[in-house]
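Chemist: The structure's right below; bear with me while I get my questions together.
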Amino acid sequence: MKHPSEHSVIFKGLGAYLPKNKLTNNELAQMVNTSDEWIRTRTGIVTRHIAQTEEKTSDMCTEAARLALKNAGLQPSDIDLIIVATVTSDKIFPSTATIVQKNLGLGPVPAFDLEAACSGFLYAIDVALSMMVRSATYKNVLVIGGEKLSTIVDWTDRSTCVLFGDAAGAAVLSKVNEARVGIIESVLGADGSNAELLHVPTGGIAMPTSNDVNKPFIKMNGKEVFKHAVRVMEKVARDVLSQTGIDIKDIDCVIPHQANQRIIESLVEHLKLSPEKVFINLSKVGNTSAASIPLALFDAIQEGRIKRGNWVLLVAFGAGLTWASTLIKWH
Ligand SMILES: CC(C)(COP(=O)(O)OP(=O)(O)OC[C@H]1O[C@@H](n2cnc3c(N)ncnc32)[C@H](O)[C@@H]1OP(=O)(O)O)[C@@H](O)C(=O)NCCC(=O)NCCS
């Protein structure tokens with residue numbers, strides 16, 4: 001157990017941001033050789049949101065964070081630490097977290113980015129939790145997942161361009177003087193030997209972009225990624241439950257990474273979950289990587305799918321390969 005004391009860390013407020021522009025399957029069918037029917041049946045995605053050219057990851061993160069602060073009933077001056085999970089940071093450096101810190105007018109608190117692809121938000125939650133448990137300094141922490149994936153999508157590659165969208169989601173984590181509520185357990189994992197199944201091979205230091213050569217685009221072996229996704233999400237979900245002694249039947253709401261409807265259906269089958277307990281919003285947003293889980297959590301709360309006292313299981317999978325699961329007793 002991460003925090004055996006009388007203290008717990010809860011989700012105090014959530015926020016989300018979606019760019020205004022929507023891109024439909026039919027519009028994509030005018031750009032590449034695909035169809036609404038193919039995309040719906042293979043992925044479950046119907047629309048995704050695409051940021052404006054001038055709209056940066058930091059702008060989306062800032063909006064999501066403003067809403068999370070409002071919903072938490074806190075001021076920027078209450079925040080002691082900010083972590084942004086992203087694979088599409090505004091710049092190589094400084095971190096997007098420092099840009100969001102400035103935008104929000106936070107105090108001179110620690111700010112850094114964390115990169116674990118689609119598992120990034122749950123990795124950041126785990127890091128924030130560890131810091132909050134270890135130190136009295138961190139009472140209220142902003143954890144944000146934000147992506148402008150449209151900038152690293154190859155819009156001529158039909159096997160990937162139909163999958164992704166832009167968004168940001170944010171959570172304010174707060175320490176409370178109550179035992180065993182909020183984040184109960186968190187498990188993380190990674191397997192670097194399968195990194196090339198899903199990656200952006202260019203644009204980094206190993207193969208820099210020069211002029212129009214080596215543009216940084218997502219490359220993926222979809223079939224292999226699919227198989228790994230189901231296997232590792234099932235395992236990490238079972239691991240987090242077995243470490244806490246909670247039965248899968250006791251879980252009230254499961255929020256999986258929103259990558260593909262069929263991956264989620266396969267997970268439901270493997271974990272023998274009741275489908276009505278699994279929250280899915282990917283039809284309207286697509287795969288938004290690090291923003292996926294906070295965005296889905298935000299929507300699930302808005303729709304009244306999660307209530308105080310509920311057991312909530314978050315499960316993620318992403319490039320790296322990485323995976324993560326977080327068990328929460330909602331407060
Ligand atoms: C990408 C994905 C939807 C493809 O579905 P699939 O059933 O595996 O399809 P395949 O890759 O085997 O392709 C089957 C055919 O459809 C074609 N195809 C691929 N994308 C297409 C599209 N958008 N429209 C129409 N046809 C398409 C392929 O070219 C292939 O044609 P071929 O048989 O003539 O070669 C699926 O593999 C997937 O979701 N993988 C996981 C991806 C993911 O979630 N990544 C992020 C993880 S964080």
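The values are calculated or read from the model by the stated rules, or taken from the named source; none is laboratory data. All values derive from a computational prediction rather than experimental measurement. Please note: Cβ atoms are built from the backbone with ideal geometry, for glycine as well, and neighbour counts cover all protein chains shown. The accessibility values were calculated without ligands, DNA or RNA, using every heavy atom of the protein model including side chains. Shrake-Rupley method; radii C 1.70, N 1.55, O 1.52, S 1.80 Å.
Chemist: Between the alpha-carbon centers of region 243-309 and region 67-93, tell me the distance in whole angstrom.
Modeler: Taking the Cα centre of each part, region 243-309 and region 67-93 sit 23 Å apart.
Chemist: Would you check the accessible area of residue 303, probe 1.4 Å, heavy atoms only, in square angstrom rounded to 10?
Modeler: 110
Chemist: How much net charge surrounds residue 269 when only the other residues with a Cβ under 11 Å from the Cβ of residue 269 are counted, with Lys and Arg +1 and Asp and Glu -1?
Modeler: Net of charged neighbours comes to 0.
Chemist: Which shape class applies to region 93-228: rounded if a/c is under 1.5, otherwise prolate when a/b exceeds b/c and oblate if not, where a ≥ b ≥ c are the square roots of the Cα gyration tensor eigenvalues?
Modeler: prolate
Chemist: Where nothing but the Cβ of Lys and Arg (+1) and of Asp and Glu (-1) is charged, how large is the charge dipole of region 14-170 around its Cα centre, in debye to the nearest 20?
Modeler: The calculated dipole for region 14-170 is roughly 280 debye.
Chemist: Let a ≥ b ≥ c be the square roots of the eigenvalues of the Cα gyration tensor of region 217-267; is it rounded (a/c under 1.5), or, if not, prolate (a/b larger than b/c) or oblate?
Modeler: prolate
Chemist: Compute the FRET efficiency between residue 196 and residue 247 as 1/(1 + (r/R0)^6), taking r as their Cβ-Cβ distance and R0 = 35 Å, and round to the nearest 0.05.
Modeler: E(calc), rounded to 0.05, equals 0.40.
Chemist: So what J values fall out for region 159-164 if you push phi through Karplus, 6.51 cos²θ - 1.76 cosθ + 1.60 with θ = phi - 60°, rounded to Hz, Gly and Pro as x?
Modeler: Values, residue by residue: 6, 10, 5, 7, 8, 10 Hz.
Chemist: Could I ask something else about it? Computed FRET efficiency, Cβ-Cβ of residue 158 and residue 75, R0 56 Å: what is it to the nearest 0.05?
Modeler: FRET efficiency, residue 158 to residue 75: 0.75.
Chemist: Which value in deg cm²/dmol, rounded to the nearest 500, describes the helix-derived mean residue ellipticity at 222 nm for the chain, given -39,500 (n - 2.57) per DSSP H run of n ≥ 4 and division by the residue count?
Modeler: -9500 deg cm²/dmol
Chemist: In sequence order, what are the phi-derived ³J(HN,Hα) couplings for region 62-70 according to the Karplus relation 6.51 cos²θ - 1.76 cosθ + 1.60 with θ = phi - 60°, rounded to whole Hz, with x for glycine and proline?
Modeler: Couplings: 4, 5, 4, 5, 4, 5, 5, 4, 4 Hz.
Chemist: While we're on this one: On average, how much accessible surface per residue is there in the chain, in Å², for a 1.4 Å probe, leaving out ligands, DNA and RNA?
Modeler: Here the per-residue accessible area is 43 Å².
Chemist: Around residue 57, under 9 Å between beta carbons, what's the net of Lys plus Arg minus Asp minus Glu among the other residues?
Modeler: In short, -3.
Chemist: How much of the DSSP bridge set in the chain is antiparallel, in percent, rounded to the nearest 5?
Modeler: Bridges in the chain that DSSP calls antiparallel: roughly 70 percent.
Chemist: Using the structure shown, select from 223/329; 249/307; 249/329; 56/277; 277/329; 20/148 the pairs with a Cα to Cα distance greater than 23 angstrom.
Modeler: Cα-Cα > 23 Å for 223/329; 56/277; rest within.
Chemist: Which Cα, out of 322, 257, 183, lies furthest along the positive dipole direction of region 183-329 (beta carbon charges, K/R +1, D/E -1)?
Modeler: Result: 257, furthest along the dipole toward the positive end.
Chemist: Do any GluC sites (Glu not before Pro) in region 1-106 lie in a loop, going by DSSP, with at most 10 other beta-carbon atoms within 10 Å of their beta carbon, and if so which?
Modeler: When the GluC sites (Glu not before Pro) of region 1-106 are filtered for loop state and at most 10 Cβ neighbours within 10 Å, 6, 54 remain.
Chemist: In nm, what is the difference between 0.36 nm times the number of residues separating residue 262 and residue 41 and their Cα-Cα distance?
Modeler: So the extension gain works out to 78.7 nm.
Chemist: In this model, which of 22/139; 91/235; 12/102; 175/272 are farther than 27 Å apart at the alpha-carbon?
Modeler: 22/139; 91/235; 175/272
Chemist: Which of the three applies to the chain, rounded, prolate or oblate, going by the alpha-carbon gyration tensor with a ≥ b ≥ c and a/c under 1.5 meaning rounded?
Modeler: The shape class here is oblate.
Chemist: Which one of 144, 217, 300 has its Cα pushed farthest toward the positive end of the charge dipole of the chain, where Lys and Arg give +1 and Asp and Glu give -1 at the Cβ?
Modeler: Highest projection toward the positive end goes to 300.
Chemist: Tell me, what HN-Hα J-couplings in whole Hz come from the Karplus equation 6.51 cos²θ - 1.76 cosθ + 1.60 at θ = phi - 60° for each residue of region 275-290, using x for Gly and Pro?
Modeler: Residue by residue, region 275-290 yields x, 5, 8, 9, 8, 10, 10, 5, 4, 9, 10, x, 8, 10, 6, 5 Hz.
Chemist: Report the charge-dipole magnitude of the chain in Debye, nearest 20, computed about the Cα centre from +1 at each Lys and Arg Cβ and -1 at each Asp and Glu Cβ.
Modeler: Charge dipole of the chain: 440 debye, to the nearest 20.
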